[in-house]
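What follows is one structure encoded as C-alpha cells, with my remarks underneath.
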Amino acid sequence: MSDTTTPTSAESEPRGWFSRLRSGLSRSSSKLSDGIGGIFTKRKLDDETLEELEELLIAADLGPATAAKLAAELARSRFGATVTPEEVREVLAEEIAKILEPVAQPVNFLADHRPNIMLVVGVNGTGKTTTIGKLAAQWRHAGLKILLVAGDTFRAAAIEQLQVWGNRAGCPVLTRDPGSDAAALAFDAFTLGKAQGSDLMVVDTAGRLHNKADLMAELNKIVRVLNKKDETAPHHVILVLDATTGQNAHTQVEVFREMVNVTGLVVTKLDGTARGGVLVSLAERFGLPVHAIGVGEGQNDLRPFEPRQFARSLLGLDDP
C-alpha cells in the first residue's frame with residue numbers, strides 16, 4: 001500500500017504548484033511584505049523595530065510565541081545592523097520553514113490493516129467533504145482502492161456532495177437516509193470494505209459544534225463501533241481547518257482533540273484570507289502533522305504540504 005498523499009506532479013500541470021500557492025497566499029504575503037517594508041526601510045534592527053516586527057507577525061496570525069521566536073532569531077544574527085526588507089523576509093522564511101518541516105508529513109497508511117480506517121472531522125463549512133473528494137481522487141490515482149462513507153447523516157447536502165465527488169474520483173460511496181445512525185453506517189461500511197478488499201475507508205463526519213456534547217457522543221460511538229471490528233481503528237483522524245478563521249483554528253484543534261485522537265491536519269481556503277500565518281502558529285503550538293493545504297476550488301489546488309514553498313510564498317519570495 002502506498003504511504004503518501006502525493007498526486008500527479010506539479011510539473012505536469014499547466015501552472016506550477018508554487019505559482020498557484022504564491023498566488024493563493026497573496027493576501028497573507030502582501031500584509032507581511034508591506035508591513036516589513038514599512039518597518040525596515042533605512043532603519044537599523046533595534047529594540048523598537050523588533051517590537052514593531054513582533055506586532056506585525058502577531059497581526060498576521062503567526063501567534064505571540066512564534067512571533068517572539070522569529071524576532072529573537074532575526075536579532076541574533078542582525079541586531080544593530082541596517083537591514084533591508086528583503087533580508088528580513090529571507091531570514092523569516094528560512095526560520096518559518098524550520099518550524100514547519102517537522103509537521104510536513106504524508107498520511108502513513110498501514111500495510112497490515114485493510115481497510116485503513118480514516119475519520120475526517122471538523123466544523124461545518126471548513127471544506128471537509130470537498131477535501132475528502134479531492135484526496136480520494138489523488139489516492140485513487142496512486143492506486144488505492146477506496147470506499148467513501150457519508151457519515152454526516154444530518155445534512156442531506158453533505159451526502160449528495162460526497163456522492164458527486166465519489167463519482168468524480170471513481171470511488172464507491174456508502175450512504176443512508178438523512179438522519180440515520182452514523183455509527184451503524186460506519187459498522188456496515190467496514191464490513192463492505194473488508195469484503196471488497198478496500199485499502200482505505202474514509203468516513204465523513206458531522207461538525208455541529210454548537211451542540212458539542214451531542215457531537216462528542218456521536219464521534220465516540222463511531223469509534224467504539226469501529227473498535228469492535230478492528231481494535232486499532234480508527235487508524236487516521238484528519239481534522240480539516242479553514243484558514244479564514246485565523247486563531248479560532250487553535251480552539252477547533254483543542255475541541256476536536258478532546259473528542260477524538262486527531263492524528264493530522266488539512267488546512268483549506270488559504271487563498272481566501274490574509275491569515276495564512278495561522279498554519280505556522282498551529283505547527284509551533286500543536287506539532288500535529290499537516291498532510292495537505294488548499295489554495296483554491298480546483299482538484300489540483302489541494303496538495304501535499306511543502307514547508308519551504310509555503311514559507312517563501314507566505315513572505316512573497318520567489319522559489320529559489
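The values are calculated or read from the model by the stated rules, or taken from the named source; none is laboratory data. As the structure is a computational prediction, the values presented were derived from the model and not from experiment. In this analysis, Cβ positions are derived from the backbone assuming ideal geometry, glycine residues included, and neighbour counts consider all displayed protein chains.
Answer with yes or no whether ASP61 is under 31 Å from the mean Cα position of the chain (by Cα) and in a loop (DSSP other than H, G, I, E, B). Yes: the conditions hold for ASP61.
Going by the structure shown, is THR66 hydroxyl-bearing (Ser, Thr, Tyr) and buried (at least 17 other Cβ atoms within 10 Å of the Cβ)? When the stated conditions are applied, THR66 passes them. As a summary of the residue check, ASP204 satisfies the conditions (1) without any contact (Cβ under 8 Å) to a residue 60 or more places away in the chain; (2) surrounded by 15 or more Cβ atoms within 10 Å (Cβ to Cβ); (3) of a type in the set (D, E, K, R) except for the one numbered (1). On the stretch given as the stretch 36-49, residues that are under 11 Å from VAL88 (Cα atoms) and in a helix (DSSP H, G or I) total 4.
Of the strands (runs of 3 or more DSSP E) entirely within the stretch 190-285, none holds at least 3 residues that are among the charged types (D, E, K, R). Would you confirm whether any residue within the stretch 163-172 is modelled with pLDDT of 95 or more, assigned to a helix (DSSP H, G or I), assigned by TED's automatic domain parsing to the domain that holds LEU241 and within 22 Å of VAL255 (Cβ to Cβ)? There is no residue in the stretch 163-172 that is modelled with pLDDT of 95 or more, assigned to a helix (DSSP H, G or I), assigned by TED's automatic domain parsing to the domain that holds LEU241 and within 22 Å of VAL255 (Cβ to Cβ). Kindly evaluate ALA104 against the criterion of being in contact with a helix residue (DSSP H, G or I) (Cβ under 8 Å, 6 or more places away or on another chain) and under 21 Å from LEU270 (Cβ atoms). Yes, satisfied.
Checked across the stretch 175-183, the condition of being under 26 Å from ASP61 (Cβ atoms) and not aliphatic (A, V, I, L, M) holds for no residue.
Determine which member of the set ALA71, ALA93, ALA67, ALA104 is modelled with pLDDT of 95 or more and touching a Phe, Trp or Tyr at 6+ places or on another chain (Cβ under 8 Å). After ruling out the rest, the residue left standing is ALA104. Of all the listed residues (LYS194, LYS145), the sole one being surrounded by fewer than 23 Cβ atoms within 10 Å (Cβ to Cβ) and either in contact with a helix residue (DSSP H, G or I) (Cβ under 7 Å, 6 or more places away or on another chain) or within 20 Å of LYS134 (Cα to Cα) (or both) is LYS145. The residues in the stretch 71-129 that are hydrophobic (A, V, I, L, M, F, W, C), assigned to a helix (DSSP H, G or I) and either out of contact with any Pro (no Cβ under 9 Å at 6 or more places or on another chain) or surrounded by fewer than 16 Cβ atoms within 10 Å (Cβ to Cβ) (or both) can be counted, and the count is 8.
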